[in-house]
1. Among the residues of the stretch 291-312, how many are in contact with an Asp or Glu (Cβ under 8 Å, 6 or more places away or on another chain) and not small (Gly, Ala, Ser)?
2. For the stretch 260-267, does any single residue satisfy the condition of being under 22 Å from the mean Cα position of the chain (by Cα) and of a type in the set (A, V, I, L, M)?
3. Could you say whether any residue in the stretch 377-391 is open to solvent by 60 Å² or more (accessible area, probe 1.4 Å), in a helix (DSSP H, G or I), under 28 Å from residue 244 (Cα atoms) and at pLDDT below 80?
4. Please find, among 190, 161, 156, 177, the residue that is under 19 Å from the mean Cα position of the chain (by Cα), farther than 17 Å from residue 24 by Cα and aromatic (Phe, Trp, Tyr).
5. Determine the pairs where a residue that is at positive phi and aliphatic (A, V, I, L, M), located within the stretch 459-480, has a partner that is open to solvent by 20 Å² or more (accessible area, probe 1.4 Å) and in a helix (DSSP H, G or I) with Cβ atoms under 9 Å apart, the partner being 6 or more residues away or on another chain.
6. What is the one condition in (1) under 30 Å from residue 258 (Cα atoms); (2) touching a helix residue (DSSP H, G or I) at 6+ places or on another chain (Cβ under 6 Å) that residue 18 does not satisfy?
Amino acid sequence: MRFEDVLSEVGVFGKFQILSLMILCLPRVILPLHFLLHIFISAVPPHHCTIPNHRNPGNLSQEDLLLINIPQEPDGTFSSCKMFSEPQPHLLLNRSQGVNRSQVQSCDQGWEYDHSTFSSTTVTQWDLVCDKKWMNQAAATFFFMGLTIGSLFCGFLSDRFGRKKILLVSILVSVAFGVMSAVSDSYIMFSICRLICGVGLMGMTLISITLALEWTDVSHRTFCGTISSLSWTAGYMLLALLAYLIRDWRWLLLATTSPCLLAIATWWWVPESARWLLTKQDAAAAHKYLSRCAAMNGRPGFIQRISPEVLQKTISVESRKYNFWDLVRTQQLRKNTLCLGIMWFGVAFSYYGISFHVTGFSISPFLTHFIFGAIEIPAKVGVYLLLDRIGRKLCQGGSLIITAVCIGLTCLIPLGHWRSLVAILGKGFSEAAFTTAFLFTAELYPTVVRQTGLGFCSFMTRLGSSMAPMVILLEDFWPFLPSLVFSSMSLLSGAAAFFLTETRNIQLRETIQEVELNRDRNLAKVTEDVSTDRNCQTQQNQDCTPHQEEEPVSLQENNHLPTDCSLQDATRVMVVN
């Protein structure tokens, strides 16, 4: 008996699953508040070198004062990083008169910032401009490095010690170091605290989606994955509102960290994964949560019919411990892991490349960020409607390729509303790819290594997201170079998605053996059908239906092949799988 058979006894999607899903949506709302926080707390306001008081006669306008002290760029704007070593009053009479470039120097007394949009950011706090510009983007990279570390450890630890325990540890770490980040008195302290906060937040994102999926059956997984993803969108749009209302980076950081306290309060109602408990041979604990599920779903008969002992005997799994090596030990998992790694890197690389570039368009960064979040709603609803119709593979690969096209088109369209529209469409399709990726990955990996597999994929995701802020720096060499890099990587990851196995209408695998057995059975059945087709050509009057061994219901459903004598149909099934 499989876990889905037990789940049907206690209710596949009743009050228990709905309540659990709602609770687990809260961590998903919190995540974008931190994942995309760099856009606002580290925004770079317009700035120029500080002009000493002795250079200000007192009777000049601000523009004239800048004119005689700050050199102009070819586009007519005042330089952000240079100043004249001596005032140039002759420019007041003739602006076109040449200037001796030897009189231009770097800022030696700091910078003056425009505070009309942001009252304070980490950039203005520690002067992360000009020669220190890279340190600003490095702060975002430090945070994503923390997410990378968390993806490796949290996925592995939750497979070893349980989803619920590691979820609590992740929330506590996020709260503690989120507050410490807000009160940091140095760039180094801020970067380290953000790195460790990223470790905790990664545990929240991995475990929340996995717990939601492991308590539902195959027919409700798409719905749960979409609702969980929509909660991310709610947090995305909420960040735009909070950033608009709170313009100081310290208070904004505290505001985005405070919802973690509510997550701690609701953690007590989060159920442990009974599916995971059974893989650990803990039938008693699994029976406790299944009984609670049955009671809430109005299925009291489960408690009388199935005891922990019966549960342990009927659902038998291998009890050995698993690690990252198991992701590449066998042929099918090795192929899945390779393709998923490439796919996840490209998904995150393109998604954060667009998200972090909100100032590259012609509208307010707050409005741009809000629109980027709002466009995710129709994208995710569209994914929900298509996933069970055209399949995971086509949704994943197609959305990534369209994202690549949209990003590439921004290089050809002049700055303006049309360019913003194309970028928004690209953002929508990139989020569609992200939504599909979580569900697709959870279905491809078996329960015994599901969190470990998601941890590896998140590691690749964080590599992509860590590199995105640094790639944006390439615009100093050529404005369209970042877009070309993001577009190319999105195209490559979309191609990798088409090499994965379709998982539509397939029950979650519990063990590695099931994943490999499914592959071997498919190959064996195709070979048998081809052999039968050849025999049919010489024995037209005999029954040509190939012999099929009796299988468990779950495997039989997943590996059904045509039983007629069509070589074309058999070949088609081989290609699809």
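The values are calculated or read from the model by the stated rules, or taken from the named source; none is laboratory data. Fair warning: this is a prediction, and the values are worked out from it, not measured in the lab. Cβ coordinates were reconstructed from backbone atoms using ideal geometry, including for glycine residues, and neighbour counts include every protein chain displayed. Accessible surface areas use protein heavy atoms only, side chains included; no ligands, DNA or RNA. Shrake-Rupley method; radii C 1.70, N 1.55, O 1.52, S 1.80 Å.
1. The qualifying residues number 4.
2. From the stretch 260-267, those under 22 Å from the mean Cα position of the chain (by Cα) are 260, 263; that's our starting set.
Checking the rest, the ones that are also of a type in the set (A, V, I, L, M) come to 263.
Checking the stretch 260-267: at least one residue is under 22 Å from the mean Cα position of the chain (by Cα) and of a type in the set (A, V, I, L, M).
3. Here is the first cut: in the stretch 377-391, the residues open to solvent by 60 Å² or more (accessible area, probe 1.4 Å) are 377-378, 381, 384-386, 388-390.
Okay, now just the ones that are also in a helix (DSSP H, G or I), so 377-378, 381, 384-386, 388-390.
Checking which are under 28 Å from residue 244 (Cα atoms) leaves us with 377-378, 381.
Still in the running and at pLDDT below 80: none.
So far as the stretch 377-391 goes, no, none of its residues is open to solvent by 60 Å² or more (accessible area, probe 1.4 Å), in a helix (DSSP H, G or I), under 28 Å from residue 244 (Cα atoms) and at pLDDT below 80.
4. Details: 190 fails: under 19 Å from the mean Cα position of the chain (by Cα); 161 fails: under 19 Å from the mean Cα position of the chain (by Cα); 177 fails: under 19 Å from the mean Cα position of the chain (by Cα).
Going through 190, 161, 156, 177 in turn, just one is under 19 Å from the mean Cα position of the chain (by Cα), farther than 17 Å from residue 24 by Cα and aromatic (Phe, Trp, Tyr): 156.
5. The qualifying pairs do not exist here.
6. Going through the list (1) under 30 Å from residue 258 (Cα atoms); (2) touching a helix residue (DSSP H, G or I) at 6+ places or on another chain (Cβ under 6 Å), residue 18 breaks only (2).
A quick yes/no check of all residues on (1) crowded, with 19+ Cβ neighbours inside 10 Å; (2) within 23 Å of residue 372 (Cα to Cα):
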| residue | (1), (2) |
| --- | --- |
| 167 | yes, no |
| 180 | no, no |
| 183 | no, no |
| 191 | yes, no |
| 202 | yes, yes |
| 207 | yes, no |
| 211 | yes, no |
| 214 | yes, no |
| 231 | yes, yes |
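Listed here are the residues, each with its yes/no results for (1) among the small types (Gly, Ala, Ser); (2) within 30 Å of residue 208 (Cα to Cα); (3) surrounded by fewer than 21 Cβ atoms within 10 Å (Cβ to Cβ); (4) touching a Lys or Arg at 6+ places or on another chain (Cβ under 8 Å).
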position: 132; (1), (2), (3), (4): no, no, yes, no
position: 140; (1), (2), (3), (4): yes, yes, no, no
position: 144; (1), (2), (3), (4): no, yes, no, yes
position: 156; (1), (2), (3), (4): no, yes, yes, no
position: 174; (1), (2), (3), (4): yes, yes, no, no
